[in-house]
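Notes to accompany the following structure.
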Amino acid sequence: MFRLRFYVIHDLAPVASIGRVPFVMEVHPSVPANTVAEFIAHAKAHPGKINMASAGTGNPSQLCGELFKMMAGVNLFHVPYRGSQVFPALLAGEAQVYFGPLISSIGYIRAGNVRALAVTTTARSPALPDVPALSEILPGYDASAWQGIAAPKNTPAEIIEKLNAQVNASTTDPEFQARLANLGGTALPGSSADFAKLIAADIEKWAKVVKFAGLKPE
């Protein structure tokens, strides 16, 4: 496992968030579930028998699945793959469910190779408007990959605010938002304080999921 040489909270000053991209809960067509509720019922009827793929132990795709397991009260068998090996395994039915990034999954979904049951953000994605958000079935479920900019901890406040203004000018630009939406994402403008709150909240949330999953540094 790669070890950072810095601690996000103590060593960095949040500047601005840029955008957010959801993950999507997708299943092999052989899975007898067309909705999340049906999947949960199926999983509870077959505890530990459904393979949940991820792009590696500790990868966000696993953490999204572990959060689902924790909130839905189901037992899925985690099978980590090496990045690009995930989709061949899912398409072959070797794995039955995957919480994959929307950006890399949408082509398979539109082609009918896999079935999308839900997106992981609290709101539906404009890229898949007919696919519900997981929070519609599991209130409070929220998971996404976000991007942002940070500076060294002791960067002067006036520099942080100037950078924040420049980033927000880009993230509120209609052309940028349209390009991001084409990838299934949404812009995430806000203050540096807003970005700091997002980082702190995610650290707290995912620490609980890591503990639930029993993940350890390798």
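If only one of Ala169, Ala207 is outside the structural domain of Phe68 (by TED's automatic domain parsing), under 22 Å from the mean Cα position of the chain (by Cα), part of a helix (DSSP H, G or I) and small (Gly, Ala, Ser), which one is it?
Ala207
Just one of the numbered conditions (1) among the hydroxyl-bearing types (Ser, Thr, Tyr); (2) part of a helix (DSSP H, G or I); (3) buried (at least 19 other Cβ atoms within 10 Å of the Cβ) is not true of Thr121; which one?
For Thr121, the failing item is (2).
Just give me the residues in the stretch 83-103 being surrounded by fewer than 19 Cβ atoms within 10 Å (Cβ to Cβ) and under 21 Å from Val21 (Cα atoms), in sequence order.
Listed by number, the residues that qualify are Gly83, Ser84, Ile103.
Being under 19 Å from the mean Cα position of the chain (by Cα) and at positive phi: is that true of Gly148 here?
No; evaluated as a whole, the condition is false for this residue.
Name the single residue that is surrounded by the fewest Cβ atoms within 10 Å (Cβ to Cβ) among those in the stretch 125-163 being touching a helix residue (DSSP H, G or I) at 6+ places or on another chain (Cβ under 9 Å) and charged (D, E, K, R).
Ranking the candidates gives Lys153 first.
Residue-wise test of (1) among the hydrophobic types (A, V, I, L, M, F, W, C); (2) within 19 Å of the chain's Cα centre (by Cα); (3) buried (at least 21 other Cβ atoms within 10 Å of the Cβ); (4) not assigned by TED's automatic domain parsing to the domain that holds Phe99.
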site: Pro32; (1), (2), (3), (4): no, no, no, no
site: Ala37; (1), (2), (3), (4): yes, no, no, no
site: Lys44; (1), (2), (3), (4): no, no, no, no
site: Gly48; (1), (2), (3), (4): no, no, no, no
site: Met52; (1), (2), (3), (4): yes, yes, yes, no
site: Thr57; (1), (2), (3), (4): no, yes, no, no
site: Gln62; (1), (2), (3), (4): no, yes, yes, no
site: Glu66; (1), (2), (3), (4): no, yes, yes, no
site: Val79; (1), (2), (3), (4): yes, yes, no, no
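Residues in the stretch 74-106 that are among the acidic types (Asp, Glu) and without any contact (Cβ under 8 Å) to a residue 40 or more places away in the chain: how many?
Count: 0.
Condition test on Ala201, is it free of Cβ contacts under 8 Å to residues at least 12 places away in the same chain, under 15 Å from the mean Cα position of the chain (by Cα) and either exposed (fewer than 15 other Cβ atoms within 10 Å of the Cβ) or not in a loop (DSSP other than H, G, I, E, B) (or both)?
Answer is yes for this residue.
The values are calculated or read from the model by the stated rules, or taken from the named source; none is laboratory data. What you are looking at is a predicted structure, and each value in this text was computed from that prediction instead of being measured. Counting neighbours? That spans all protein chains shown, and the Cβs are built from the backbone with ideal geometry, glycine included.
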